[in-house]
Amino acid sequence: MRDINIEKRKNRSIGVTVFGWYFILQGWIALGQYSDIGIFALIFAALSACIGIGILKLLRAAYIGALLLSGFILVFSLITFGYCLVFVNTPYTIDYSLGLPLAGILVGGILIFFLTREGVKEQFDKKNDKNFNNNTDEEI
C-alpha cells in the first residue's frame with residue numbers, strides 16, 4: 001500500500017498539492033469564521049475539506065467539485081461586487097466593502113485558471129485513477 005501512495009505522490013504537482021491544502025484550510029476557516037450562519041457553514045466546511053482531500057488523492061470527482069466550487073465562489077463574488085458598487089454610496093464604505101469580493105474574484109479566477117491547464121487536467125485523468133476499471137469491453 002505504501003508503494004501506491006509514493007507512486008501517486010510522484011504524479012501530483014506542487015501546485016495541485018498547494019490547492020488541495022488550500023481547500024482543506026478554506027473549510028476550517030469557513031467553519032470558524034462563519035459559524036453563526038449554522039448548517040451552511042458546516043456543509044461548506046465539510047464539502048471543501050472533502051474536495052481538498054480528494055485533490056490530494058488525485059480523484060476526478062474532487063477535480064470536478066473544485067471547479068464547481070471555484071465557479072460558485074467566482075459568481076457569488078461578482079454578484080457581491082456589483083451589489084456593493086450599486087447600493088453602497090459612500091466612498092468610505094466602498095473601500096472596505098469591495099475588498100472581500102475582489103479577493104473572491106481573484107481566488108476564484110486563479111483556481112479556475114489553474115485547474116483548466118492541460119497538465120493539471122492530465123493528473124486527474126481517469127487513466128491515472130487506480131480505482132477506475134480500464135477493461136470496459138469485458139462482460140460482467
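Summary table
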| quantity | calculated |
| --- | --- |
| Meets criteria (at pLDDT 85 or above, surrounded by 14 or more Cβ atoms within 10 Å (Cβ to Cβ) and over 20 Å from Cys50 (Cα atoms)) for Ser70 | no |
| Top-ranked residue of the range 55-67 - restricted to ones that are among the small types (Gly, Ala, Ser) and surrounded by 15 or more Cβ atoms within 10 Å (Cβ to Cβ), ranked as nearest to the chain's Cα centre (by Cα) | Ala66 |
| Any chance Ile53 is modelled with pLDDT of 90 or more, farther than 18 Å from Ala103 by Cβ and out of contact with any strand residue (DSSP E or B) (no Cβ under 7 Å at 6 or more places or on another chain) | yes |
| Residue satisfying all of: in the range 109-123; within 12 Å of the chain's Cα centre (by Cα) and surrounded by 12 or more Cβ atoms within 10 Å (Cβ to Cβ); farthest from Gly20 (Cα to Cα) among these | Gly109 |
| Some residue of the range 30-49 being within 22 Å of Asp125 (Cβ to Cβ), at pLDDT below 75 and part of a helix (DSSP H, G or I) | no |
| Within the range 16-31, considering residues that are closer than 15 Å to Leu69 by Cα and among the aliphatic types (A, V, I, L, M), the one surrounded by the most Cβ atoms within 10 Å (Cβ to Cβ) | Ala30 |
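The values are calculated or read from the model by the stated rules, or taken from the named source; none is laboratory data. Not measured: the values here are computed from a predicted model. With ideal geometry, Cβ positions are generated from the backbone for all residues, glycine too; neighbour counts draw on all protein chains shown.
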